[in-house]
Amino acid sequence: MRKICVITGTRAEYGLLHPLMKLIHEDPDLKLQIIATCMHLSPEFGLTYREIEADGFNIDKKIEMLLSSDSAVGISKSMGLAFIGFADAFAELKSDIVVLLGDRFETFCAAGSACVARIPIAHIHGGETTEGAIDDAFRHAITKMSHIHFTSTDEYRRRVIQLGEHPDRVFNVGAIGVENIRNLPLLTKDELEKEIGFDLGERYLLVTFHPVTLEQATAQHQFKILLSALDKLTSVINPATRMIFTKANADTDGRIINQLIDDYVSVHKEKAVAFSSMGQLRYLSAMKHAAAVVGNSSSGIIEAPSFKVPTVNIGDRQKGRIRATSVVGCTPILEEIIRAIQKATSRDFEETVQHAINPYEKQGTAKTITTILISRELSQIRMKSFFDVSLDTL
């Protein structure tokens, strides 16, 4: 029985991985192992490992690594703890394959430890670019440590090959989060209001903003500008509009944003509500019924277009990602944010949104990944050689 170890460190990541984990767990030829770490184990971020257990999964290892600091020094020290924890976990679990998604610092640590332990890595969402985040470097480094690659578009597949990975190991399977939208029975707006205990009114915005980690201490300044824009929109231009805030991840300066959210919501309880973790069902349901997704979260780029919901993407965090025509970009300047939200929610833009094609959407994503994890001969994928790219290859 092949042991597949899935590693998750955040609420959003687990939501994406859930259907894949379910398929692995149900397959008689596979044994699912789960390592939960980072934000899942933090009271500040909602102790979301409990959501994994509530879904019927057994967590094989919990790796405590997150220090009570979001400074660059604190994050680096957390990474040190992560390397130690993953080394011990892999030595005990003796996994056959490690499955990693994305580009966060704890994912990089898991990849490094698995690489040293000579455990093959299957990486999901490689080849993408987020030029405003340090995660961009982590993602490409994880690609070079990985043995099987599951990309979300053909362009990203070509980029992974360009990094020297053999085409036979790189598969365009689409974005696993988009498949979740199609398969998950989402809540109606009334059901969502009851779940979160908040009246969403005639229309609302779903707001998620993370620090742009390659910029120097811009989180507070940029988020204050966003709050000013939202306040003007919901107080003067369209007072009927309400807001759902989802808080920032454990990135450098993430706590600054979360404190600003708490302060704003405490003063504007009638029009705003905030969550450290909504969970996959409530978050996707909130996205489905929103007038627009606002901020700089990847979900606004990858998932929102499949709902035919417009996105206002602010600043450089997601710079470089392929985008549907339903995504409106703007700089973190007050007037530009206001204009972008007005454009995204206007009647004139509605037709563009309805006809937008999501470049990340593909059928059978989780099933395709599972089939490849089962069928690949481990002795063949452990060894890697650099694949030199020619123009004909791409």
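We did not get these values from a lab; they are worked out from the coordinates using the rules stated. The structure displayed is predicted, hence computed values, not measured ones. Positions of Cβ are backbone-derived with ideal geometry, glycine not excepted, and every protein chain shown enters the neighbour counts.
Worth a mention:
- For the chain, the relative contact order comes to 17 percent (Cα pairs under 8 Å, sequence separation of at least 6).
- Under the criterion of Cα pairs below 8 Å and six or more residues apart, the relative contact order for region 187-354 equals 24 percent.
- With the cut-off at under 20 Å, measuring from each backbone N in region 106-137 to a point 7 Å along the Cα-to-Cβ line of residue 333 picks out 132.
- Extension gain from residue 72 to residue 189, taking 0.36 nm per residue of separation minus the Cα-Cα distance: 38.1 nm
- 138, 223, 386 arranged by Cβ crowding within 10 Å, fewest neighbours leading: 386, 138, 223
- Available extension along the chain between residue 342 and residue 262 is 26.3 nm, counting 0.36 nm per residue and deducting the alpha carbon span.
- Across 31/362; 224/271; 22/343; 288/343, pairs whose alpha-carbon gap is larger than 28 Å: 22/343
- With neighbours defined as other Cβ atoms within 10 Å of a residue's Cβ, the residues 347, 159 order from fewest to most as 347, 159.
- Taken about its Cα centre, the chain carries a charge dipole of roughly 320 debye when the Cβ of each Lys and Arg holds +1 and the Cβ of each Asp and Glu holds -1.
- Counted charge near residue 250, where neighbours are those whose Cβ lies closer than 9 Å (Asp, Glu -1; Lys, Arg +1): -2
- Rel. contact order, % - alpha carbon contacts under 8 angstrom, at least six apart, region 93-246: 17 percent
- The gain in end-to-end length when the residue 26 to residue 308 segment is fully stretched comes to 98.3 nm, 0.36 nm per residue minus the alpha carbon separation.
- Residues 377, 270, 193, sorted so that the one with the fewest Cβ neighbours within 10 Å comes first: 377, 270, 193
- For a straight C-alpha distance cut-off of 20 angstrom, the lysines reachable from residue 384 (same-chain residues fewer than eight places away being disregarded) are 144.
- Computed [θ] at 222 nm, deg cm²/dmol, the chain (DSSP H ≥ 4; -39,500 (n - 2.57); rounded to nearest 500): -13000 deg cm²/dmol
- In units of the compact-protein estimate 2.2 N^0.38 Å, the chain shows a Cα radius of gyration of 0.96.
- Net charge of neighbours whose Cβ lies under 15 Å from the Cβ of residue 68, counting Lys and Arg as +1 and Asp and Glu as -1: -3
- Region 69-200: C-alpha pair distances exceeding 25 Å, %: 40 percent
- The Cα-based radius of gyration and maximum Cα-Cα distance (Dmax) for region 187-354 are 14.6, 42 Å.
- Peptides 275-285, 55-65, 7-17 ordered by average Cβ neighbours within 10 Å, highest first: 7-17, 275-285, 55-65
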